[in-house]
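The values are calculated or read from the model by the stated rules, or taken from the named source; none is laboratory data. If you're wondering where the values come from, they're calculated on a predicted model, not measured in any experiment. For neighbour counting, all protein chains shown are included, and Cβ atoms are generated from backbone atoms with ideal geometry for every residue, glycine included.
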Amino acid sequence: MRIALTILAVAALASVPLWLRDPYLLNSLITTGIFVIGAMSLNLLLGFTGQLSLGHIAFFGIGAYVSALTSLGFDVGLPGGFRLVHAPWPPIVGFVLAIIIAGLCGYFVGLLSFRVRGAYFVIVTISFAEVVRLVALNWVELTQGPLALTNIPSIGLPLPGVGELTLRTKLQNYYLVLVVALIAYLLIARLVRSHFGRAMRGLMENETLAVSVGIDVTKTLTLAAVISAAIAGAAGSLYAHYIRIIDPEVFAFINTVTMVIMVISGGKGSLAGPVVGGLIFGLLPVALRPVMAPEAQWIAYGGVLIAILFVLPRGIVPSLAQRFRRSRSGTTALAPVALAETAVKERA
Amino acid sequence: MSEFLQHLVNMLVLGGTYALLGIGLTLIFGIMNVVNFTHGVLYTFGAYIMFIVVQQIGLNFFLALPVAVLAGWLLGAAIELTLLRPLRGFDIDTTMLVMIGAWIAMQSGTLWIWGGVAKSVATPFPEAPLVLGPVSVSWLRLFVLAAAALLILVTYLLINKTSLGRAMRATFQDHDTASLMGVNVDMIYTSTFAIGSSLAAAAGALLGPVYVIFPQMGDLAAVKAFAIVILGGLGNITGAVIGGFILALAEELGAGYVSSGYRDAMGFVIIIAVLIFKPTGLFARAERVG
């Protein structure tokens, strides 16, 4: 049932460029897809370990900058009169490096910030993202600061024996994003159903109990942070090579909020949640554009976030899944559902 | 040396308003366990009230300040009643996200109404600064420091000498027991949020005329407030005052001796350093209101 639905959804998404000819809409779908990948990676932390990281855009941005700088090359002075010179490498190497370096950053940030919990964790993660943004803004020699890195080459796929296929068109980029999103989805799905995923959920439910049965908190959380950051870095790299211009605004807090909204509205802790929430909130600005001024759109954005938390605090996918189960199993199953509901309410 | 003295004077002026911001946030954080992301918007709101009252209505500068404080109080009470009261008992993440939603909506509202162009407020103070030997300070900044000091004193007295303050301290220590003793905890929450908000609005109303007023001015202010709260410890008013001055000093020295581009990074660096090395804040021993 679930596999059939997944295949159906993938087939539907893969068919989109066949009937959608509008380049603006296709462009919105590509950027939305990139943010959905980011949202899926955030969901790994937020939905499966219960840690609300509001600095997630840092890893996305680091991925974007690493990938862009790898493929553009740079020449910066270091303290002590040394110069670090890097000749441009193919963008695909940048993509791989983006994943590795974002993952490494995830490791160090995780190691430091998992010492605190709750509100303090949230504030540390925000601070980290802002420090990275300020470095990107002020280290002009490396990042061009507010002048932005421009002319970032499109990503190219090496084809053995044939040469290289450079993905320039929207159509090619759409399928690239779809494939990366699918890989990320399957990776996360595999992960949360493993022993490691059960450890993460155990931690989220009751940390003290999880520790007492022998779960290594720091190791589990840090591993989740590394994988989450690496996937976000991959999304950032795709973004850099698709948009082809990167400035420090990529680190804006509102981008993290966008990902959080995608996860929360779709349903945190649900695999399909970030995809559903991401498609809704990624395409909502497109739908609102003809009827609303940009400022009014953001007001609506904030309003919708509040409304979702009030009306569907568990998110769209879990609520729908529960309704579906209830209607299928009739009245006999109502008791456990009601029990589960009260349990959820009590936990909240 | 004279450069260093000048930095110290600037630190005093900035520190006063930072302390106001920090006290407001630490009260809300400590008593209500709410991470108030609308704090920066309230700061912006206070500044815009100054702009409206002085520039658009044409009232006296000194009259505009109490108006801004009162407006911040009312807006804070409204936010608490509509958004936070229905969420009582929900987890801290949910209220935090609701506050983020309110922040986005309100900041965009400001942008929509007044546009993105920076505004300035005319002040009745002379242009020429007060020169004391090697340092100089503008009369406006001196007034800002005095007003901030007065507001800090009023807040201190309110919390330590009045029955409302006693009820707030009791709620901070244990809201169930306070409720059993006849404290109306809902009312205390609303008052706390309103007082904290009015202090943020006051800080904005004081610093707005010093700099310029624009819709996003509150974002950095909010971060600074978080840094101060973390520095001073949760719910610790004295800590927030000291934290405000430490942050101002770090910013002045960072801007003066490192690079002005990193002035605003100091707050984040402090947050990260404190939470990693001393997560309870620098003044953990006195971790309670008052």
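Some values worked out for this structure:
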{"item": "Members of segment A:105-120 found to be more than 7 Å from every other protein chain (Cβ to nearest Cβ) and crowded, with 20+ Cβ neighbours inside 10 Å, listed by number", "result": "A:105, A:106, A:109, A:110, A:113"}
{"item": "Segment A:121-161: number of residues that are more than 9 Å from chain B (Cβ to nearest Cβ) and farther than 20 Å from residue A:66 by Cβ", "result": "3"}
{"item": "Given (1) within 14 Å of chain A (Cβ to nearest Cβ); (2) modelled with pLDDT of 90 or more; (3) crowded, with 24+ Cβ neighbours inside 10 Å, index of the condition residue B:203 fails", "result": "(1)"}
{"item": "Any chance residue B:128 is among the aliphatic types (A, V, I, L, M), without any contact (Cβ under 8 Å) to a residue 24 or more places away in the chain and not in a helix (DSSP H, G or I)", "result": "yes"}
{"item": "Residues of segment B:206-225 that turn out to be modelled with pLDDT under 85 and touching a Ser or Thr at 6+ places or on another chain (Cβ under 8 Å), as a count", "result": "1"}
{"item": "Candidates A:237, A:212 - the one that is of a type in the set (S, T, N, Q) and without any contact (Cβ under 8 Å) to a residue 40 or more places away in the chain", "result": "A:212"}
{"item": "Any hit, segment A:231-247, residues being out of contact with any Ser or Thr (no Cβ under 9 Å at 6 or more places or on another chain), more than 21 Å from residue A:156 (Cβ to Cβ) and part of a helix (DSSP H, G or I)", "result": "no"}
{"item": "Residue that is nearest to residue A:258 (Cα to Cα) [pool: residues in segment A:304-316 that are within 9 Å of chain B (Cβ to nearest Cβ) and over 22 Å from the mean Cα position of the chain (by Cα)]", "result": "A:307"}
{"item": "Helices (runs of 4 or more DSSP H) completely within segment A:49-147 that count 1 or more residues being among the aromatic types (Phe, Trp, Tyr) and under 26 Å from residue A:218 (Cβ atoms)", "result": "A:57-72, A:91-113, A:118-138"}
{"item": "Test: residue in segment B:210-231 that is among the polar types (S, T, N, Q) and in a helix (DSSP H, G or I)", "result": "no"}
{"item": "The listed residue being on the phi > 0 side of the Ramachandran plot and modelled with pLDDT under 90, out of A:73, A:77", "result": "A:73"}
{"item": "Criterion violated by residue A:205 - all others in (1) surrounded by fewer than 23 Cβ atoms within 10 Å (Cβ to Cβ); (2) more than 14 Å from chain B (Cβ to nearest Cβ) satisfied", "result": "(2)"}
{"item": "Exclusive hit being among the hydroxyl-bearing types (Ser, Thr, Tyr) and surrounded by fewer than 18 Cβ atoms within 10 Å (Cβ to Cβ), set A:265, A:319, A:270", "result": "A:319"}
{"item": "Criterion: more than 23 Å from the chain's Cα centre (by Cα) and of a type in the set (A, V, I, L, M) - qualifying residue of A:66, A:162, A:180", "result": "A:162"}
{"item": "Residue match in segment B:55-67 (condition: at pLDDT below 90, outside any helix (DSSP H, G or I), more than 9 Å from chain A (Cβ to nearest Cβ) and touching a strand residue (DSSP E or B) at 6+ places or on another chain (Cβ under 7 Å))", "result": "no"}
{"item": "Residue check, residue B:40 assigned to a helix (DSSP H, G or I), under 30 Å from residue B:141 (Cα atoms) and touching a His at 6+ places or on another chain (Cβ under 7 Å)", "result": "no"}
{"item": "Filter result (more than 7 Å from chain A (Cβ to nearest Cβ) and outside any loop (DSSP other than H, G, I, E, B)) within segment B:104-120", "result": "B:106, B:107, B:110, B:113, B:114, B:119"}
{"item": "Criterion (touching a helix residue (DSSP H, G or I) at 6+ places or on another chain (Cβ under 7 Å), buried (at least 19 other Cβ atoms within 10 Å of the Cβ), of a type in the set (Val, Ile, Thr) and modelled with pLDDT of 90 or more) met by exactly one of B:171, B:190", "result": "B:190"}
{"item": "Selection count where residues are more than 22 Å from residue A:95 (Cβ to Cβ) and not in a loop (DSSP other than H, G, I, E, B), scope segment A:18-42", "result": "6"}
{"item": "From the options B:76, B:115, residue that is surrounded by fewer than 18 Cβ atoms within 10 Å (Cβ to Cβ) and either touching a strand residue (DSSP E or B) at 6+ places or on another chain (Cβ under 6 Å) or not aromatic (Phe, Trp, Tyr) (or both)", "result": "B:115"}
{"item": "Filter result for residue A:257 (over 13 Å from the mean Cα position of the chain (by Cα), β-branched (Val, Ile, Thr) and assigned to a helix (DSSP H, G or I))", "result": "no"}
{"item": "Segment B:89-102: number of residues that are within 7 Å of chain A (Cβ to nearest Cβ) and part of a helix (DSSP H, G or I)", "result": "9"}
{"item": "Contacts under 7 angstrom Cβ, first residue in segment A:19-42 being surrounded by fewer than 24 Cβ atoms within 10 Å (Cβ to Cβ), partner outside any helix (DSSP H, G or I), 6 or more apart", "result": "A:26/A:20"}
{"item": "Selection from segment A:242-255 of residues that are away from chain B (no Cβ under 14 Å) and more than 13 Å from residue A:150 (Cβ to Cβ)", "result": "A:242, A:250"}
{"item": "Residue B:104 touching a residue at least 12 places away in the same chain (Cβ under 8 Å) and either surrounded by fewer than 22 Cβ atoms within 10 Å (Cβ to Cβ) or of a type outside the set (Gly, Ala, Ser) (or both)", "result": "no"}
{"item": "Verdict on residue B:261 being in contact with a His (Cβ under 8 Å, 6 or more places away or on another chain), surrounded by fewer than 22 Cβ atoms within 10 Å (Cβ to Cβ) and in a helix (DSSP H, G or I)", "result": "no"}
